[in-house]
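Student: Structure incoming, see below.
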Amino acid sequence: MSARDCLDEDRLIDFVMGEVTGGEAAGIEEHIRRCPACRGRVESLRRTLDLAAMDRVPEPVPAYWEHFAAGVRHRIRSRAESRKRRIRLILIPGLATAAASVLIVLMLARGPVEPVVDVEAVVAEINTSAVAEEVLVEAAVDALLVAQFGEEADLLDNYLIETGDVAEIVTELDDEEERELINKLATIMESRGSAETIAGKECWS
Amino acid sequence: MDELSTRFAHGDEGVFEEVVERYSRKVYGLCYRILRDEEEARDMAQEVFVRVYEKRGKFGGRSALYTWIYRIATNMCLTHLKRRRIPTVPLEAVEGMLEAAPAGGGPDYSRLERAVSQAMVGLPPRQRAVFAMRFFEKMSVREIAEATGTTTGAVKANYHHAVRRLKEMLGEGGST
């Protein structure tokens, strides 16, 4: 059998994985029976997958599982408190506006190389979402914290991808805090005035 | 959609503990297979459920609950890997470990396991994630596409690349 009749490697992988059935599987089996080259490739693939099957996940100590749910609950509580503290930073006069600038600088700095922040999506979100301003402000506060304290900037990813976060956080504020937040956001809106851009895109007007 | 997923989708507050109980080991396993670091996987598994809790209002039941959770886990692990320096594994290192297996007295399984583990580290993270879900979790291509937020074609391509890479690193050296 000539080399050009030999089977595609991807198809052989599917065959070895048992994903080729019926007449096609029978055809491949017949080909393999008559073609030493493809037979060798199939044997090599099977050997590879047999070895891969030896890969083990290390089992944590029993205490890890015993305290797993409690650990998750503890983290949830801590995270909620941490977020609440961050949202309160918005209430500090001038901080949010400064933070918004930092956010824009960070986004520009990241540029087109690593599209962790989907600028198009953010722009669309800002233009259409009722919580967009809150999203921006919270992300901005996080960005400011990152800039100041040198933490990894993962908070940006979290908030700009999932806009519902801020709505949840806002519901955790008491009435007085919520009123303050609304007033602060209104002030920020006024202070922006003219259009600003993120990565050359007009994001609000 | 099973009962647990339905209750979760409807915002049943009491169901979260059951979700943790049912999926924690699977999530830990997936995290380990992507991160290849036990300590990080233990930490990440808990973080995944924190995120699941925080995002619970976004689960609409359009996909299976476990693929939704896997999607969160996969995204978090891949994001984490982007930030840590991923050690590169030269092909020669794996081959060396395989060749050092004793000729007589049967295969040295601990050495083989280490070689296999090193080969897994040598896969690009996304291929590692797809391979883990397809090969170890026996998830369908469609389920993996949902869990990774990509197309079935991309999943197949990632899987094929992963197997070819593993074959390159392990295939010929694996004969005993």
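The values are calculated or read from the model by the stated rules, or taken from the named source; none is laboratory data. Small disclaimer: the values here were computed from a predicted structure and weren't measured. Counting neighbours? That spans all protein chains shown, and the Cβs are built from the backbone with ideal geometry, glycine included.
Student: Might you let me know whether segment A:53-73 holds any residue that is charged (D, E, K, R), more than 18 Å from residue B:28 (Cβ to Cβ) and without any contact (Cβ under 8 Å) to a residue 40 or more places away in the chain?
Tutor: no
Student: Okay, moving on. Confirm whether residue B:132 is in contact (Cβ under 8 Å) with a residue 40 or more places away in the chain, within 13 Å of chain A (Cβ to nearest Cβ), within 24 Å of residue A:50 (Cβ to Cβ) and among the aliphatic types (A, V, I, L, M).
Tutor: yes
Student: Before we move on, is residue B:30 under 19 Å from residue B:56 (Cα atoms), part of a helix (DSSP H, G or I) and aliphatic (A, V, I, L, M)?
Tutor: No: the conditions fail for residue B:30.
Student: Given the structure, is residue B:25 surrounded by fewer than 18 Cβ atoms within 10 Å (Cβ to Cβ), modelled with pLDDT of 95 or more and in a helix (DSSP H, G or I)?
Tutor: The answer is yes for residue B:25.
Student: Another question, then. All but one of (1) under 14 Å from the mean Cα position of the chain (by Cα); (2) within 13 Å of chain A (Cβ to nearest Cβ); (3) at pLDDT 90 or above hold for residue B:164; state the number of the condition that does not hold.
Tutor: Condition not satisfied by residue B:164: (1).
Student: If the requirement is being modelled with pLDDT of 85 or more, under 22 Å from residue A:14 (Cβ atoms) and not aliphatic (A, V, I, L, M), which of these qualifies: B:137, B:113?
Tutor: Of the residues listed, the single one that is modelled with pLDDT of 85 or more, under 22 Å from residue A:14 (Cβ atoms) and not aliphatic (A, V, I, L, M) is B:137.
Student: Now for a different question. Quick check on my filter: what residues within segment B:6-22 are over 14 Å from residue A:69 (Cα atoms) and either of a type outside the set (D, E, K, R) or surrounded by fewer than 17 Cβ atoms within 10 Å (Cβ to Cβ) (or both)?
Tutor: Passing the criteria: B:6, B:8, B:9, B:10, B:11, B:12, B:13.
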